Each structure stands twice: as structure tokens, then as C-alpha cells.
1. Let's see if you can work this out: charge +1 on each Lys and Arg Cβ, -1 on each Asp and Glu Cβ, no other charges. What is the dipole magnitude of the chain about its Cα centre, in debye to the nearest 20?
2. Pairs of Cα atoms under 8 Å, at least six residues apart: use those to get the relative contact order of segment 147-270, whole percent.
3. Taking only C-alpha pairs under 8 Å that are 6+ residues apart, what is the relative contact order of the chain in percent?
4. Among His275, Thr23, Leu229, which residue has its Cα positioned farthest towards the positive end of the charge dipole of the chain, with +1 placed on the Cβ of Lys and Arg, -1 on the Cβ of Asp and Glu, and the dipole taken about the Cα centre?
5. Quick one: 3J(HN,Hα) in Hz for segment 36-48, Karplus 6.51/-1.76/1.60 with θ = phi - 60°, rounded, Gly and Pro as x.
6. Starting from the Cα-Cα distance between Phe343 and Asn68, subtract it from 0.36 nm times their residue separation and give me the gain in nm to one decimal.
7. Taking springs between alpha-carbon atoms closer than 10 angstrom, which of Ser214, Ser238, Ser191 fluctuates most in the Gaussian network model of the chain?
8. Given labels modelled 7 Å from the Cα in the Cβ direction, how far is it in nm from Asn30 to Asn6?
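What follows draws every value from the coordinates through simple rules; no lab data is involved. Quick caveat, the model's predicted, so the values are computed rather than measured. As a convention, Cβ positions derive from the backbone with ideal geometry for all residues, glycine included, and neighbour counts pool all protein chains shown.
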Amino acid sequence: MLFGNNLHNIDVTLQFNATNAYTFVEDQLNINTTHYRIPGSQGREECAEYFIDKFQNIAINFTYIVHNFTVQSIECQNVLFKLNEHLDKIVILGAHYDSRARATKDPDELKRDDPVPGANDGASGCAVLIDLARIFYALRENLTCQFWFLFFDAEDQGYDYGPGISGWDWCEGSDKFVEDIEDFYNSSSESFDAMILLDMVGGVNLQFINEQDSTSSLLDEIFEIGRQLGYTSQFPSSPVVKSIRDDHLAFINYGIPSADLIINFWNNPAWPYHHTVNDDLNAISVGSLEITGKTIEQFVYNNYLNSSNFYSGNYPWLDDINLLDTEIVTLILVISLIIAGIFVFFFINRARIKKRE
Ligand SMILES: [Zn+2]
């Protein structure tokens, strides 16, 4: 990853409370311990109500919109909370809250039809959003943008080794949301600055990747902010490079600079719980929730705190200098070696022919 800019975080006390966030993960898992938050289940519905309840605890008049849609006749709901609606620049903070209907990657074959608790894959990102909402609400008059806290339904039911729900694709909720996004804002007076997606941000052994579809100037800036807070192993200088199909894609296609904060969840011995029945509270780390929450909090203060503190980041995150995928780099390396080999072969042969002459 490139760190061309010398970013320096503004000096401010961070308030993110990881103990709160851990409790919010626990709450989501306890809503329904049979079906968790599977689309179409009672638990999924109650989880939407739980978010509304949490935001109304922050402020009874917190604006919210429930976005109803259906996937194969199952009723689904994205839930959107808006803060500082009078301001014209919008920053979206998003996470999915549905849990996967089937543990398709579980090592125990007998458990592959069981539901995934989704402690990290789902609940962790939502938990971080709730505590950020508490902090930003209290500081709202000093913040210079509008916030959307956006909870997606129907993200996690696509096909890996098997379907989550038969016939469903990934990211159904965010696709439907962006299809209808013009119903939720006034495009002549409001505009989007950025979208940041939090997916699997609270697990043990946290290490974020350089997600290739993300807007690189935005993702780079978040990495640099995290590193300056001292989180150098969670935001490594040479992160794993990968493209992930996730809820940020619809927003990128709509033209909003977007970043996906996500881990390397595929065949990673440091995170073996992905889409298994073991993605539960045991694999959640208070420290990881804190690192994610404080990094996003600092990002917001750096860019949107109404103060005299000077900060020079990559705003407005229009540059997308995507580096090459690791696979492409490997391919180029192999082709170069083959070409070099052919050259060496010809030189040796020519030398031999000359000798004979
Ligand atoms: Zn998932």
C-alpha cells in the first residue's frame, strides 16, 4: 500500500468505549439463539427493533428510516439513522446485521445446515456503529457533516461451498438500498463524501486487508490513521491484497468514494471461524472493537471536527490508485521469468553455434 502522504492525526481525546461495543455484540447474539438474525426470521426483525431502541436511547427523536424490500418474497429491512440532517455533506458508516443461515464452511459436516451466530460476521460492525453514534450525537454541533448509520439486511446469504439461502446472492440489501438511494436524500442540495463499511472488525487476531475495490485514497488514509494511533499490526504496512464482494460495491458504482474495512477471512488460520458455528462471542476481542472504533472516530475528527486544528489528508478521496492484485503480480513475475529463460537459452545456443563455426 502507498503512503505518499504524511498524515498527522489531530490531537484529540478519543471516547470510543469498547466495553459498550462488546455488550452490543452480546445483545445481538442473545436476541434469538436458535435462528440468530437470519433474513425472514423473528430474530432479524427484533434486531432491527433493537437498533431503533439503541438510537432512541441516544436521542428519543433520532431520525430513522426503515427501508423495506423483498428477496424471493422474504421481507427484509435495511435500517438507516441520520444525524446532522441540515448539513449538506454526507458520510455513510455501514455494516450488515443479518447472520448467515447455514454454516457452509464448518469443518463438521453435520453442522453445515446450522445457522452462523455471526458475532464477528455482522454483529461486530453494527456494535461499533452504535457506540460511534453515541459519541457523534454528543458532539454533533462541532461536526461539519451529516452522518448516516446504515444497517444492511440480506448481505450474507450467497453461495460459497453451498448457499446461505438457496437462490440468494451476496449483498442483496445494499444493492436494493442504492437502487432506492434517491428516495433518501436531496441530490440538488446534498452530496456524499464517503462510505466506510465495517465487516468482521471485532474478531481475535485482527488484521485488515488492502481491499482492491475500495477507493484507495480513502482506505490508505484510514490505514495511516490507524497506524499513527499505534495499531501497526492491525493496519500493516504490507497488507494482504484482495477484492471482496461486499456492501461497499453498490456505493462505489454509484460514484461515492468507499472503503471496506475487512479481514482476510478465507483459508486464514488466524480466523478459522468464518461461516462456521464458531463465529460466536468466544472469538470476539474487546481490543479489536476498540481499534476499529477509535480509528473511525479519529478519521471523523481529522476531517470533520469544526476546530482550528490543521489536518491534511487525502480529501476528497477522488484518487483511486489501485495497486495490482497479488495474483496479477505473481503472473507477471512468472511470465518475466519465462521470457528471461528463453533469452538465456538463445544466448547459450548462439554461443555454441559460434563455437562450431
Ligand atoms: Zn459472511
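1. Roughly 1760 debye, rounded to the nearest 20.
2. Answer for segment 147-270 is 32 percent.
3. Answer for the chain is 23 percent.
4. Towards the positive end, the residue furthest out is Leu229.
5. In residue order, the calculated couplings are 6, 10, 5, x, x, 8, 4, x, 4, 5, 5, 5, 4 Hz.
6. 92.7 nm
7. Ser238
8. Distance between the two pseudo-spin positions: 5.0 nm.
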